[in-house]
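Step one of this worksheet: look at the structure below.
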Amino acid sequence: MTQTIHPIDVILHKRDGHVLTDAEIQVFIHALVERTLSRQLVTDAQIAAFLMAVFQRGLNPQELATLTDAMRHSGETFDAAPLHTFTVDKHSTGGVGDKTSLLVAPILAAAGLASPNSAGTPGICVPMISGRSLGHTGGTLDKLETIPGFNTQLTLDQFCQTLKKCGAALVGQTPRLVPADRILYALRDHTGTVESPFLICASIMSKKLAEDLKALVLDVKVGSGAFMPTYEQSKLLAQLMVETGEASGTRTVALLTNHDEPLGRFAGNWVEVWECVDILQNKRHPMSSDLIELSNILAGWMLHFAGHSATPEAGAKLSDEILLSGDAFKAWLRMVATQCGDVSVFHDSAAHHQPTASRTLTATHSGYLSSMDCKQVGWAVQRLGAGRAKPGDPVSAHAGIEMHAKLGDEIKTGQPLVTLFSEDASLLDEPEAMLRETLHIAPAPPQLKPLLREVIAKTSPTI
Ligand code: URA
């Protein structure tokens, strides 16, 4: 006779440091999703207790793989089989000014459109399900929705049709995709259990693996703008995500990348689209060079996994060639138009930037831009109106900042450091004070860290 598993037993086993069986994890996740239909099977208090037990005790690789898989299959999933294509995506663990998705997706789409399979479908597809801004980091969906008409809420069928036509689609999560994560995440937020690398890994990977990926490239930030507080914790998260991805049959690599300052020239919503469109049109601003470099590194790994380059480094070179050729811009226009976006705004992106208030902060003394708390810069951007205090709040399309200097740059007294944009003049004061406090100018140049700190892969050694 098979033994019935009760939610309380799962909680007690984890609390007491036992290893959970696959069945215990699967039943618990099933029960917490079913409860939203039947309202009875498992209580919020029990889910919270489970989360705290996992937070305290951690999970072994098998438990983590089972939890991730159970969450991934807790609702509908995308099925890429009819496309007969190589599905590949990237994910960044948050960032200030991190708009790499808006470049990487069209670069890969261009490569895929140029190499159709026998069914006429692009040889590579990027089924990118993205998130919204929360906390100090921006969200890809909020940026895309500043393009008039752009529809991020596609059904799975529309998603599939867009991929067939464009080689990439950038959409939001549907209510039925990975519902277990929605339930768990909401409770984590209220129970002090967000910062568990095991729970973060299961949350991120369940959603990414629901895209039915052949390969996944993860950008795990380290430094003052990173989500995880130390290098070691970012590295542990990266290792867990790589193990979990590989265990589910998805080629997975994680790049630990330095994030001590905003990536690129702008941070905000429309301003980030504008920066990417400039790059796609070969208008390369010097402040965007780190953004271009990181996008090529990420796209390089994706092209390598898809078999388009012998090494990730050759892939990065190919990625830059695709950018420079204008093919990525064509792929971008096709995708935006297919998702109902008005591409005419890209004729003059600067003219579409319409903040009602702006202010420029200048240097009070000469020296070198030596340090900043990048998280504080991110919070300043959000408080200008670009982000939201809680899920569901509206965001401002034209709020953001333009950085005028990078860490290590020589600065003269009176030189502009950063320009603030808002759609509400009363929102400028607090972010200005936050930026003034955190941008430090010192007499000597700082020791700069490389953009790519370490590669975590199943087989490749670290760099
Ligand atoms: N992003 C997610 O999707 N989940 C987490 O737990 C943290 C960041």
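Of note:
- Mean projected area of the convex hull spanned by the Cα atoms of the chain, taken over all viewing directions: 22.8 nm².
- Cα→Cβ-extended label distance, 7 Å offset, between Ser344 and Ser366, nm: 5.0 nm
- Separation of alpha-carbon centers, the stretch 408-454 and the stretch 151-180, rounded to whole Å: 37 Å
- For the stretch 7-57, the equivalent ellipsoid built from the Cα gyration tensor has semi-axes of 19, 12, 7 Å, listed from largest to smallest.
- Annotation: the antiparallel percentage among DSSP beta bridges lying fully within the stretch 49-174 is about 10.
- Packing-based order for 353-365, 391-403, 91-103, 262-274, using average beta carbon neighbours within 10 Å, highest first: 262-274, 91-103, 391-403, 353-365
- Nonpolar atom fraction for the chain, defined as the carbon and sulfur part of the 1.4 Å probe accessible area, stands at 54 percent.
- Computed about the Cα centre, the dipole magnitude for the chain is approximately 320 debye when only Lys and Arg (+1) and Asp and Glu (-1) carry charge, each at its Cβ.
- Semi-axes of the equivalent ellipsoid for the stretch 211-328, computed as √(5λ) from the eigenvalues of its C-alpha gyration tensor and ordered from largest down, come to 25, 21, 11 Å.
- The value for the stretch 81-347 of Rg(Cα) / (2.2 N^0.38 Å) is 0.93.
- In percent, rounded to a whole number, the relative contact order of the stretch 7-57 is 48, using alpha-carbon pairs under 8 Å and six or more apart.
- Over the stretch 355-442, relative contact order from alpha-carbon pairs under 8 Å, at least 6 apart, %: 50 percent
- Dipole axis of the chain (+1 Lys, Arg; -1 Asp, Glu on Cβ), positive-most option in Gln354, Ala81, Ile8: Ala81
- Counting only protein heavy atoms and a 1.4 Å probe, the stretch 7-57 has 55 square angstrom of accessible area per residue.
- If the segment from Asn60 to Asp157 were pulled out straight at 0.36 nm per residue, it would be longer than the present Cα-Cα gap by 31.3 nm.
- Dipole of the stretch 355-442, positive end: most advanced residue of Phe421, Ala405, Pro431 [Cβ charges, Cα centre]: Ala405
- Think of the stretch 91-196 as having a plus end and a minus end, set by charges on the Cβ of Lys, Arg, Asp and Glu; of Leu134, Gly167, Ser118, Ser118 sits farthest toward the positive end of this dipole.
- For the stretch 355-442, the spherically averaged projection of the C-alpha convex hull amounts to 5.4 nm².
- Compared with the direct C-alpha span, the chain from Asp424 to Glu34 gains 136.0 nm at full extension, assuming 0.36 nm per residue.
- Compactness of the stretch 294-420 as Cα Rg over 2.2 N^0.38 Å, two decimals: 1.38
- Surface analysis of the stretch 261-359 yields an accessible area of 38 Å² per residue, using protein heavy atoms and a 1.4 Å probe.
- Two-decimal log10 I(q)/I(0) for the stretch 224-291, as the Debye equation yields it once each C-alpha is a single scatterer, q = 0.20 Å⁻¹: -0.87
- Its relative contact order, with pairs defined as Cα atoms under 8 Å and 6+ residues apart, puts the stretch 1-142 at 19 percent.
- Span from the the stretch 65-100 Cα centroid across to the the stretch 227-248 one, whole angstrom: 16 Å
The values are calculated or read from the model by the stated rules, or taken from the named source; none is laboratory data. Please read all numbers here as calculations on a predicted model, not as lab measurements. When we count neighbours, we look across all protein chains shown, and the Cβ atoms used for this are built from the backbone with ideal geometry, even at glycine. Just the protein is used for accessible areas: all its heavy atoms, side chains included, with ligands, DNA and RNA removed. Shrake-Rupley method; radii C 1.70, N 1.55, O 1.52, S 1.80 Å.
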